[in-house]
Amino acid sequence: MSTLMQKDVLIEAVANAKAISINKHQGKHPASKRLGQLRNIIYLSSPQQIDFNEILQEINLLKETLLSLPDLSLHNELTGDMLILSKFEEAWKQMLEDNPQIKKSDNLKAFLLGGQPGAGKSFGAKQALHQLNNNIVVINGDEFRALHPEYEEIYKQHGKDASKYTGEFAGIMVHLFRERALKEKLNIVIEGTFRTTETPIRELTNFKKHGYSVDLIICTCPQEVSLDSTFERAEGHKKIGIQPRYVPPEHHDLVVDKLPQNVSEVFNTGLVDKLEIYSREGKCFDSTTNNPDEIAQRIYQILHATDSY
C-alpha cells in the first residue's frame, strides 16, 4: 500500500532509472523493458494497490543493472539541439517499445489534466488510461527532467531550486512528444496546472485542429492538503535517493487562486467535449450532468473544504 504522493515518487523513480537506459541507448535490455512495465503498473493502479517498498526495491535493482551496462549512444559527440533531439528520439522509441498496445486511433482522443501542484493529477492519468484500455501516450513533463544533459550538476549547484533550471528542458521534451503523437495520430494525455488560461486554450485549439475530441480532467483538493503533499513528495524523493523536486509555496498558492476561474473560462471556450472534476473523495462534477455555471464554485469549495479532510 502507498499514499498518493508515494505513487508520484515511484513514477519519478522509474523515470530516473529509465533515463539511464535512454542515455545509454539500452532500450532492448530486459531491465529497461521491466521499467516500462512497472511504469504502466504504477499509472494504472490506485495507491492502495501499490506496495511501495516492494516496487521501489525492484526499481533500484533494475537501476543498478542499467548503471553497469556499456553506453551505446552517441550522446557524448552531440551538443545543443542535436543532443536534445537525440534524447527525444531514443525516449520516444523506448516508449513505443515498452507500450506495444499504443496504436494509431481512428477516433482520436486527448485528455488535458489540470490541478494545483500536489493535488494528485496522476489519478487523472489513470482515468484516461482505463477509458482507452491503455492505448494512450501519457506525457508528464516531470518524467523528462532526469534526461537533462546537466541534471546532476544543476542539483549540485542549485539544490532545492533545481526544478527551476530543468523546467525549460522538460517543456521542450513535452512539446516534442506531443507533436510526434499528433503526427502519428495517437491518443494523448498531458498534464498542466491551469495557472493561466492561455496554455490550456492553446493546447485545446491544437488538439481540435488535428481532429481530436478533448476531455478535461481536473484533480483538486483542499489547498493545505496539496501544499503538504508537495513537501511529502519532495521528501520522498530525497529519502529514496533521487533529486527532490520542491514546489515553491508561492507557485502553489498562485495556482490555487487562479484555478476555479481559469477552469471555468477554459470550459466556456467551447473547445472541451467533457469536463470532470475530482476531489480525493471522488468525482464531484461532470459537465454532461451538472450545470457548467457551477464549475468555479465547485472547485473553490473543494480548495477550501478542510473540514472533511
message: What do you get for the angle between helix 4-24 and the principal long axis of the chain? Use alpha-carbon atoms, 0 to 90 degrees, nearest ten.
response: 40 degrees
query: Can you sort ILE136, ILE55 by how many other beta carbons sit within 10 Å, fewest first?
result: ILE55, ILE136
- line: Answer in debye to the nearest 20: the dipole magnitude of the chain about its Cα centre, from +1 Lys/Arg and -1 Asp/Glu charges placed on Cβ, is 820 debye
Cα→Cβ-extended label distance, 7 Å offset, between GLU265 and GLN131, nm: 2.4 nm
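Please give the length that would be gained between SER213 and LYS238 if that part of the chain were fully extended, namely 0.36 nm times their separation in residues minus their C-alpha to C-alpha distance (nm, one decimal).
Separation in residues times 0.36 nm, less the Cα-Cα distance, equals 5.1 nm.
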message: Quick check: from the Cα gyration tensor, does region 1-154 come out rounded (a/c under 1.5), prolate or oblate?
response: prolate
statement: Packing-ranked peptide list from 198-211, 115-128, 229-242, 95-108, highest mean Cβ count within 10 angstrom first, is 115-128, 229-242, 198-211, 95-108
task: Kindly state, as a whole number, the per residue volume in cubic angstrom of the convex hull around the alpha carbon atoms of region 154-234.
output: 123 Å³
message: Taking amide H atoms as placed 1.01 Å from N in the peptide plane, list the residues 5 or more away in sequence, or in a different chain, whose amide H sits under 5 Å from that of VAL137.
response: ASN187, ILE188, VAL189
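Taking a ≥ b ≥ c as the square roots of the eigenvalues of the Cα gyration tensor of region 43-87, is the shape rounded (a/c under 1.5), prolate (a/b larger than b/c) or oblate?
Oblate, since a/c reaches 1.5 and b/c is not below a/b.
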- prompt: Taking other Cβ within 10 Å of each residue's Cβ, how do VAL9, VAL225 sort, fewest first?
  reply: VAL225, VAL9
- prompt: So which GluC sites (Glu not before Pro) in region 148-196 end up in coil per DSSP with only 14 or fewer other C-beta atoms within 10 Å?
  reply: GLU150, GLU184
Positive-end extreme of charge dipole, the chain - chosen from PRO292, LEU56, ILE277 (charges on Cβ): LEU56
- prompt: Taking only Cα atoms, what is the 0 to 90° angle, nearest 10, from helix 80-98's long axis to the longest principal axis of the chain?
  reply: 80 degrees
message: Can you compute log10 of I(q)/I(0) for region 214-285 with the Debye formula, treating each Cα as one identical point scatterer, at q = 0.17 Å⁻¹?
response: -0.77
query: Over region 79-308, one equal point on each Cα, no solvent: what is log10 I(q)/I(0) by the Debye formula at q = 0.09 Å⁻¹?
result: -0.38
field: Kirkwood Rh in Å, taken over region 171-302 so that all alpha-carbon pairs contribute
entry: 16.3 Å
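Read the figures in this text as sums done on the coordinates, not as results from a lab. Note that the structure is predicted; figures quoted are calculated from it, not measured. A quick note on method: Cβ atoms are made from the backbone with ideal geometry, for glycine too, and the neighbour counts reach across all protein chains shown.
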